[in-house]
1. Show the residue pairs meeting these rules: Cβ distance below 8 Å; 6+ apart or different chains; first residue within the stretch 51-63 and more than 20 Å from residue 387 (Cβ to Cβ); second residue more than 7 Å from ligand 2 (Cβ to nearest atom).
2. Within the stretch 102-130, which residues are within 10 Å of ligand 2 (Cβ to nearest atom), in a loop (DSSP other than H, G, I, E, B) and either among the acidic types (Asp, Glu) or in contact with a helix residue (DSSP H, G or I) (Cβ under 9 Å, 6 or more places away or on another chain) (or both)?
3. Could you please tell me which pairs satisfy a Cβ distance under 8 Å, a separation of 6+ or placement on different chains, a first residue in the stretch 268-290 that is on the phi > 0 side of the Ramachandran plot, and a second residue that is acidic (Asp, Glu)?
4. Only one of (1) in contact (Cβ under 8 Å) with a residue 12 or more places away in the chain; (2) in contact with a strand residue (DSSP E or B) (Cβ under 9 Å, 6 or more places away or on another chain) fails for residue 320. Which number is that?
5. Residue 270: under 20 Å from the mean Cα position of the chain (by Cα) and more than 16 Å from ligand 1 (Cβ to nearest atom), yes or no?
6. Suppose the filter is within 23 Å of the chain's Cα centre (by Cα), in a helix (DSSP H, G or I) and within 15 Å of ligand 2 (Cβ to nearest atom); does residue 69 pass it?
7. For the stretch 413-431, enumerate the residues that are in a helix (DSSP H, G or I) and surrounded by fewer than 24 Cβ atoms within 10 Å (Cβ to Cβ).
Amino acid sequence: MSAPQQPGNSPVTSPGGSHPAGVPHDVLAAAARTPGPGAFDTHHPPDAALIADCVHCGFCLPTCPTYVLWGEETDSPRGRIHLMKQGLEGEPLTDSMVTHFDRCLGCMSCVTACPSGVRYDRLISDTRQQVERRHPRGPRDRALRAAIFALFPHPKRLRLLRGPLRAYRASGLRELVRRTGLLPRLAPTLAALDALTPPLRRPPRLPARVPAVGARRAVVGMLTGCVQRAFFPEVNAATVRVLAAEGCEVVILPDRQGCCGALSVHNGRDAEARRFARRMLDTFAAAGIDYFVVNAAGCGSTLKEYGDLLRDEPRYAALAADFAGKVRDLSELLVELGPVAPRHPLPVTVAYHDACHLAHAQGVRDQPRRLLRAIPGLELREIADPELCCGSAGVWNVLHPGPAAELGDRKARTVLATGARLLVTANPGCLMQVAASVARAGGHLALAHTVQVLDASIRGLDVEELLHQTR
Ligand code: SF4
Ligand code: SF4
C-alpha cells in the first residue's frame, strides 16, 4: 500500500544535515521501508517482543478511560495490543482497527497500572506513525486533522486568533450563539473549541534571557510552547519569575523557538515531529544551558524522548539524546534545586489534578505536591480516581468531542467533590478541559498552573488576588 501524503507532514530537509545535499530525510527513510505482510511496513512497526510482554492479566482495564466508557475489549489496552499482534501476523490495517487505535487517548494510565511493565507507550507510538503513513483517512477526518495541524503547532498563527476570539466574546456574539443551542448539534468540533477557549488576558512580552535573582545556581532553557504561549502567557511569565527567584538564569529565545513536536508525535505525524524537534535543538544547541525546563506535561514527555524520536538521524541522534537528558518538568527541577526564595502564606484549599503526561508518562506525582504543601497555609486535597484522564489528551477532545465531554464531566464531579476553591494542574490542555467541564456542571472554581500558585506565594500575593487572576 502506498503512503498517503499528508498536508503539513511532508518530507523536510534539515539545514546543514549530514545527508546528501538536497535529499530530504524522508526520501531516505522511505527507501528503507518495505511493506510488511500485514498491517505494518518495516519502518518501526510495533515491537513483537514488547507485545509478548503482555500476559493478558487485565489489571490495566479499569484504569483505561475508553474501557471505562464503553466496556469493549477492543477499546482497552489489552485489546489494542492484541490488534497490534494481529497486524504483525498478517491482518490488514482495517478501518475498524484504526478506529480502536484512534480512540486511545495516549494517557498512559495503562503503563502505570501494568504489573508486567508492558511498554504500551512505545507500542502505540510506533503503531500511530504506521497508521498515519499507511491508512488513507476519509475526506472529513483528513480535513479536520489538516486544519488542526495547520493551526495548533504554530504559536504565531495561534496568536493571530487571539484578537478575533476576544472580539467574539466582547461583542456578545458568543453568548448569542450559545443561547441558540445550535452549535453542538451542527458543529460539535467548533462547539468543543468554543467551550475550551480560556479567557484571554494581555500577553506579557518575554525577553531572550532573564538573569537569576541573587547568586546564579543554574542556566535553564525554557519552553514557551504553542497553546501555553498563546492562551496561557501568564503561566510562562510566572515560570520565568519563579525560576529567576530560585536562582536560575532563564534562556527563553521566544522569537526563535517553535513547537516541540508533541502534538505531532502523539498523532503519529513522525516527519513533522522530527522537523519540529530538529528546530528546537538548533535553537538551544549553543545556549549553554544546564537544564531545559517545561511547564506543559504533554510537551515534557515528548522532549524527554527526543533521543528516541531522532535515533535514525546521524547528525541529530547524539545531540537529541544529550538534550533529552537535560529536560525537566518545572516541578522536578525546583525540587532538585531546593528552595531559596521565601514562601509567603496562601491560606487556600487546593485540589491537585495529575496531568496524565506528567504522572503516567513521566512518573512525576510527588514533586508538584511537595511544592504545594511547602506553601504555608495551603491545604492540599486529593481527587478521587486520580489515574483517570480528564479527556483532554492533546487534541483528542477536538477529534472526539462527545466522549471527551463525558470524561470531563466525570472529572468535574470528582474535582467539585473535594470542595477546594482552587484546582491546580500542570498542563494547558487539562486546564481548558477541566474548566469547560466544571462550567458545564455549574460549578465555580478557580484554576491555575502549579507555578502560578508558587509565584503568588513567593511574591506575597493575597489569596483573593490569585483566585481572581485564575478565574
Ligand atoms: S493510553 Fe490510556 S486510553 Fe490508551 S489504552 Fe492506555 S489507558 Fe487506554
Ligand atoms: S496490565 Fe499489562 S500485562 Fe496485564 S493486560 Fe494490561 S498490558 Fe497486558
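No lab work stands behind these numbers, since they all come straight from the coordinates. Source: prediction; values computed, not measured. Cβ coordinates were reconstructed from backbone atoms using ideal geometry, including for glycine residues, and neighbour counts include every protein chain displayed.
1. 51/84; 51/85; 51/88; 51/123; 53/117; 53/119
2. 114, 117, 118, 119
3. Close Cβ pairs satisfying both conditions: 268/132.
4. Checking residue 320 against (1) in contact (Cβ under 8 Å) with a residue 12 or more places away in the chain; (2) in contact with a strand residue (DSSP E or B) (Cβ under 9 Å, 6 or more places away or on another chain), the one that fails is (2).
5. yes
6. no
7. 413, 414, 416, 417 - these are the residues of the stretch 413-431 that are in a helix (DSSP H, G or I) and surrounded by fewer than 24 Cβ atoms within 10 Å (Cβ to Cβ).
Per-residue answers, yes or no, for (1) of a type in the set (A, V, I, L, M); (2) in a loop (DSSP other than H, G, I, E, B); (3) within 19 Å of the chain's Cα centre (by Cα):
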{"residue": "280", "(1), (2), (3)": "yes, no, yes"}
{"residue": "283", "(1), (2), (3)": "no, no, no"}
{"residue": "286", "(1), (2), (3)": "yes, yes, no"}
{"residue": "300", "(1), (2), (3)": "no, no, yes"}
{"residue": "319", "(1), (2), (3)": "yes, no, no"}
{"residue": "324", "(1), (2), (3)": "yes, no, yes"}
{"residue": "332", "(1), (2), (3)": "no, no, yes"}
{"residue": "354", "(1), (2), (3)": "no, yes, yes"}
